[in-house]
Every structure is written in C-alpha cells, then in structure tokens.
1. What nm value, rounded to one decimal, do you get for the distance between Tyr170 and Tyr77 when each label is placed 7 Å out toward the C-beta?
2. Counting alpha carbon pairs within less than 8 Å and at least 6 residues apart, what relative contact order, in whole percent, applies to region 70-182?
3. State to the nearest 20 debye the size of the charge dipole of the chain about its Cα centre, where the only charges are +1 on K and R beta carbons and -1 on D and E beta carbons.
4. With +1 on each Lys and Arg Cβ and -1 on each Asp and Glu Cβ, how big is the dipole of region 5-106 about its Cα centre, in debye rounded to the nearest 20?
5. Would you mind checking the tilt of helix 322-334 against the longest principal axis of the Cα atoms of the chain, expressed as 0 to 90 degrees and rounded to 10?
6. Tally Lys and Arg at +1 and Asp and Glu at -1 over the other residues with C-beta under 12 Å from the C-beta of Asp28: what net charge comes out?
7. Among all lysine pairs in the chain that are eight or more places apart or on different chains, how many have alpha carbons less than 24 angstrom apart?
8. On average, how much area does the Cα convex hull of region 198-290 cover when viewed from any direction, in nm²?
Amino acid sequence: MADKIIAADVVVTSPGRNFVTLKITTADGVVGYGDATLNGRELSVASYLRDHVAPLLVGRDPARIEDAWQYLYRGVYWRRGPVTMAAIGAVDVALWDIKGQVTGVPVYQLLGGSVRDRILSYTHATGWDVPALLESIDAQLARGFQAVRAQTGVPGLDIVYGVTRSGAAYEPAGRGAAPTEEIWDTDAYLRYAPTALAAARDHVGPDVKLLHDAHHRLTPNQAARLGRALEPVDLFWLEDVTPAENQEVLRRVRAATTVPLAIGEVFTTVWEFQTLITEQLIDFVRAAVSHAGGISPLRRIAALADVWQIRLAPHGPSDVSPISLGASTHLGLATPNFAIQEYMGYSDLVHEVFPHAWTYADGHLHPGEQPGIGVRLDEKLAARFPYQPAYLPVARRRDGSMTDW
Ligand code: CS2
Ligand code: MG
C-alpha cells in the first residue's frame, strides 16, 4: 500500500502543442501521471486542478481511486462539463498509475487482465484532392494501418477540417491570440464527400476499414442523406454527423440509413450517452479517458454500451496526450466491447517528452508491461517548452454567421 498523497502538481508544456499533466506524489515517492489537456482551454483545467483539486488530494489515500472519483464528481455541486471532467480524469488516471506501480503490475491486469492480444488502431489520411488523399491512404497502409480515416478538401473552400493544402501534418489548434476563422459550406461538402470516399473505396479494395468524420456539421436530414449516399462505400463508421446535443434527432438519421455511426468525443459523462446507447442510435462510443473523467467512468460507459451491442472506440487525436493514449490501451486490452483506438500519432519531440511503454506495430497498439500506465513525463525537457496560447478554429457560413466547427 502506498503512503498518503503529499503533492499534486500541474505541468503545462508545449512541445509543438499544449499538454496539461497532473503529477501526484505519495509520501513514499511513488509518482502517478494523468492527462488534463483540453484543447484551446488548457489553462482553465490547470487552474481547476491547482486551485480546487490539488489541496483536496493532499493527505488522501491514493489506493481509494473510486472514492476519490465519487468525491470529486458527486462532491461538487456544479458538476460535469469538460473542464471539471478533464480534471477528474487526470486524477483518476494518475491514481490507477500509482496503484499499478505499488502492486507491480500494468493497469490492464488490475482491470481484469487482457481479453485480446493487441488493439486495432486507425489513423488519419488527408489529401486536399482525391489523388492526394489516395497517396496519403497508401502511405498509412504502408505503415501497417488496416483502418484509415479519410478526409479531403472541398472544391470552393479554402480551409477544411482535417486537411492541409500542403500535405503537411494536420493540427487543428493554431497558435496565436485568437482562433482562425474558417468559411464552411455544407452543401458543397455534401456534393463532394461521397465521390471522394467512393474513390477511396475503389482504390483500397474491400478489406481496408475506411472511416470518415463529418465533425458535427450536418442537420439530421443532411446526415440521413449523407449516410445513404455512403452506404455503397461500406464505411467502418461515419463520425459526429450532427452536434448530437439534441439526441432525439438521431432517431431520424438511424431510421434512414444503416451506415455505422460513431459519436461522443466531446461528451464527458455516461449521462450524455444514455439516450444514444439505450435507443441504439449509435454503433460506437467515442469518449476519451481524458475528457470523460478517466478509466473508472469509461468502464461504466463501456458496460452500459455492451448491453446494447455498442462498442467503445476512444478518441485519440494529437490533443489527447501520450498518457491518455496509454491509459486507453490498458482499458482496451481489458474491455470486451472495445473496438478500435484512434491513433493520430505524435511528433518525435512529444514522444521524448512523454517516454512510454506502449507500442505501435502493424496497425495495432499494446500498452506494454511496465507497472502502472507506463507513461512518464520528462519534466526537464517539458520545462523547455512553456505554454503557448492556442485555439481551435471557429467556422462561419458564407453569409458570415457562426456555425459549428
Ligand atoms: C477529431 C479531433 O480525432 C477526431 O476525431 O474530431 O481531431 C478533434 O477535432 C480535436 O480533438 C479537437 O480538439
Ligand atoms: Mg472526431
């Protein structure tokens, strides 16, 4: 058993992009790490942790992970929301990390042991036009991926979510004092996306899993139309068709098309999934350990989803730090209805700042056998890259009015 918690410190670092890390230290020197990154709002989580959570952690027993979670969730009258849940998620993962180190086993063993040998993962292919997209897909297949998310530019638009014109790696958050403004045209997208995705399917043949992200931009009717148009493409999933704040509208989409639907990267609790799961309105739950409150609540979401034959497919873009990616792979190894892990990848520098036991090979991830989560923070290196203001873009329609990014 570890001694009591003596410190909870927050490290904000920006090795190319911002990451917030919680470091919990016990009296006998065990250090657990959790990811508290919230893209574009990093400092609000850092303050929530420093000002309101850290003082409550000092003196607590780190072994009581569930009690800490309940204390920080139920014990706060103003609960839920991305800032709170990212902070609680970081505490939860750091405490699982400590428990693993204290007991000398990787966290997946504490979760019941492995139910699979390795974790299927998908990555991103992006090309401004179809030839560039096909080239990008080929490059990802050559790296061993058997599942690829395909995003292209849209004729007539200058900037499109998920794609760069230059072919350089895509990073949604831009550094600077204010968000970039993008002009978005859903009609132009709906005219083009089915053609581009059909070309991708023709190119790769039937076996490769193809995914696509509509990034919250459609009305239910538009989503139904796109879903139908994409049925011949045989997508593994179509993601975030609508903002999903109004979950009843998904009934309409579901009734109109059999395209598999994935939703939930911005959801932070099981309550936001309740209707989507219990009415079988989706096929994949996209919650991330970092944004939905940690490993403990994600197990509960997965268990609820399992009853309705819905599978877990956690979010894993570059704003989910290597700590969360590690935590997610432990969960994935031990969760029967885990389907696939998004793995957008990191720069060499980010791999150095967060040395990790998890590995990628042949389109699959594995958490490794290091006790705990198996991801550390090189604090000296991290200190060389101080926080940089950065925002996710915002989107406007052609008439200048705001729309969903
Ligand atoms: C995306 C993300 O990975 C995904 O599915 O939707 O890239 C998302 O845009 C970012 O996480 C925003 O921070
Ligand atoms: Mg997404």
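1. So the label points at Tyr170 and Tyr77 sit 4.4 nm apart.
2. Value for region 70-182: 17 percent.
3. Charge dipole, the chain, about its Cα centre: 560 debye, nearest 20.
4. With only Lys, Arg, Asp and Glu charged at Cβ, the dipole is about 280 debye.
5. 90
6. It works out to a net charge of 0.
7. Value for the chain: 4.
8. Value for region 198-290: 6.1 nm².
The values are calculated or read from the model by the stated rules, or taken from the named source; none is laboratory data. Bear in mind that the values here come from a model prediction, so they are computed numbers and not experimental data. All Cβ positions, glycine included, derive from the backbone under ideal geometry; neighbour counts span all protein chains shown. SASA here: full protein model, heavy atoms, side chains in, ligands and nucleic acids out. Shrake-Rupley method; radii C 1.70, N 1.55, O 1.52, S 1.80 Å.
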